[in-house]
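Below: the structure, in structure tokens.
Laboratory data are not the source of any read-out in this text; all were calculated from the coordinates shown. Please read all numbers here as calculations on a predicted model, not as lab measurements.
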Amino acid sequence: MDDKQKEQYRETVTNEPIMVTEEDETLVNSFFSDHHVEVEDNGFTHRVMRNLPQTAWQKNRIWTVLCSVLGILLLYYTKGLRTLFGTFFGLLADATTNMVYQQNPLIVYLTILALVMTGGYIVVTSERWK
């Protein structure tokens, strides 16, 4: 390789940004707008997506169920489930009593409504329904 070729190579390898002018941008945009081609899908993408292997999705679901069952069994055998429910219902009773005597009941109803709507949204948008 002679010196001229080495210099050309160095110029192409450098990480200097390429300066694009407004005219270049206009030319590129006009080219792509003039040469825009719609490719008919005819359901091809949907068929491909349905035929992709489902092993990763299945392994994820199995692993989630397995971990959930193991967690529940661990809570059951360590009497943690009783403690968890006792704490939850104790907090709920205290919060409800406090809200009834000190807060507007509308706040309680709106909180319950927000929780129900959030749960409904999660159910509707979950992967099982797609």
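Here are a few things to note about the model shown:
- Were the residues from Thr118 through Phe31 laid out at 0.36 nm apart, the gain over their Cα-Cα distance would be 26.6 nm.
- Rg/Rh (Cα only; Kirkwood hydrodynamic radius) as it applies to region 18-78: 1.49
- J(HN,Hα) series, region 28-34, from Karplus relation 6.51 cos²θ - 1.76 cosθ + 1.60, nearest Hz, glycine and proline x: 5, 5, 5, 4, 6, 6, 6
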